[in-house]
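So the structure is just underneath, and the comments pick up after that.
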Amino acid sequence: MFSSVAHLARANPFNAPHLQLVHDGLADLRSSPPGPPGPPRRPRNLAAAAVEEYSCEFGSAKYYALCGFGGVLSCGLTHTAVVPLDLVKCRMQVDPQKYKGIFNGFSVTLKEDGVRGLAKGWAPTFIGYSLQGLCKFGFYEVFKVLYSNMLGEENTYLWRTSLYLAASASAEFFADIALAPMEAAKVRIQTQPGYANTLRDAAPKMYKEEGLKAFYKGVAPLWMRQIPYTMMKFACFERTVEALYKFVVPKPRSECSKPEQLVVTFVAGYIGVWKGLFARIIMIGTLTALQWFIYDSVKVYFRLPRPPPPEMPESLKKKLGLTQ
């Protein structure tokens, strides 16, 4: 078990694809039981029709809609849950002389605004991050299938990390456009005393003072912050899930129960953000892992198709001489 975890820790998910080919092929061969060759395995087809156990077809409009709903829950609920911490963090950034630290920030906020003051900005946070989650997860699934179809089966496997990076960046571009208006209102409510206490007060006031640009002038900083983070978040998660099933979990995902699969999802979400400061690991790691757990739980609940981890296509194995 420990050797498997060590192997996983040493694995670099961003290796150049051609440097991994022989290793992946040999790993597949080592995992195959000895004996006479059986019938050829049917290549994985992302656009295959849903089998009877699924509620919809992979890549259908219903599939994307339910993925978007999973994103609404995963981002909307988790970000709303940490509004008090986000409020103090924003105030520390705007007025570090008054809010000298996390605990001091909570103390000052409670003294001045009471317990209800810690919830300031919850409405734009919930609406904004729900819309962001809808676009982030829903469009990620759309772009992943779109780019995969453009690349073809072999190149999808070879360049799968690049595919995850491109699909997540494309999705986050639109997700931040959806988030920006509510993020702008939230910041005004939380950091400008006396400006507004609720979204109903803040939004009309912002529009009256500056027009539509008040809601979107922060979109460029959002792109700069969120797109790189989302690219790493999705690519690390995808490759970590793949590595967990290959090196740690003792059986294929198709043989794992739904609770076992969700545990792997949560662990993969945490491993993807191990690098960084300890406090960031605790907060962002837990937030990210919970988002993936909620998102995958929605897929399980609605019986959505969940393709297995990527496998080297048979045509590519033949080209490399790994099969006869």
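The set of residues from the range 147-187 being closer than 30 Å to ALA214 by Cα and of a type in the set (Phe, Trp, Tyr) comprises PHE173, PHE174.
Among the candidates TYR207, TYR195, the residue that is under 24 Å from CYS90 (Cα atoms) and outside any helix (DSSP H, G or I) is uniquely TYR195.
Would it be correct to say that ASP176 is in contact with a helix residue (DSSP H, G or I) (Cβ under 9 Å, 6 or more places away or on another chain), open to solvent by 80 Å² or more (accessible area, probe 1.4 Å) and assigned to a helix (DSSP H, G or I)? No; evaluated as a whole, the condition is false for this residue. Within the range 219-240, residues that are of a type in the set (Phe, Trp, Tyr) have Cβ atoms under 7 Å from residues that are at pLDDT 95 or above in these pairs: TRP223/PHE173; TRP223/ASP176; PHE234/TYR140; PHE234/TYR164; PHE234/SER168, counting only partners at least 6 apart in sequence or on another chain.
Restricting attention to the range 307-318, the residues that are open to solvent by 30 Å² or more (accessible area, probe 1.4 Å), of a type in the set (D, E, K, R) and touching a residue at least 12 places away in the same chain (Cβ under 8 Å) add up to 2. Taking residues in the range 144-168 that are over 19 Å from ARG306 (Cα atoms), and partners anywhere that are open to solvent by 20 Å² or more (accessible area, probe 1.4 Å) and in a helix (DSSP H, G or I), the pairs with Cβ atoms closer than 7 Å and at least 6 places apart or on different chains are GLU154/SER315; TRP159/LEU151; LEU165/MET231; ALA166/TYR147. Filtering ARG200, ARG188, ARG225 for residues that are part of a helix (DSSP H, G or I), of a type outside the set (Gly, Ala, Ser) and touching a Phe, Trp or Tyr at 6+ places or on another chain (Cβ under 7 Å) leaves a single hit, ARG188. Report, by residue number, each residue of the range 224-276 that is aromatic (Phe, Trp, Tyr) and either surrounded by fewer than 19 Cβ atoms within 10 Å (Cβ to Cβ) or farther than 22 Å from CYS135 by Cβ (or both). Of everything in the range 224-276, those that are aromatic (Phe, Trp, Tyr) and either surrounded by fewer than 19 Cβ atoms within 10 Å (Cβ to Cβ) or farther than 22 Å from CYS135 by Cβ (or both) turn out to be TYR229, TYR245, PHE247, PHE266, TYR270, TRP274.
Here ALA220 meets each of (1) of a type outside the set (Ser, Thr, Tyr); (2) surrounded by 13 or more Cβ atoms within 10 Å (Cβ to Cβ); (3) modelled with pLDDT of 90 or more with one exception, condition (2). Elements of the type helices (runs of 4 or more DSSP H) sitting completely within the range 101-170 and holding at least 2 residues that are open to solvent by less than 40 Å² (accessible area, probe 1.4 Å) and of a type in the set (A, V, I, L, M, F, W, C): these cover 122-151. Count of the range 284-304 residues, restricted to those that are assigned to a loop (DSSP other than H, G, I, E, B) and either open to solvent by less than 10 Å² (accessible area, probe 1.4 Å) or modelled with pLDDT under 90 (or both), is 1.
The values are calculated or read from the model by the stated rules, or taken from the named source; none is laboratory data. Computed from a prediction, not measured in an experiment: that's the story for all the values here. Counting neighbours? That spans all protein chains shown, and the Cβs are built from the backbone with ideal geometry, glycine included. SASA here: full protein model, heavy atoms, side chains in, ligands and nucleic acids out. Shrake-Rupley method; radii C 1.70, N 1.55, O 1.52, S 1.80 Å.
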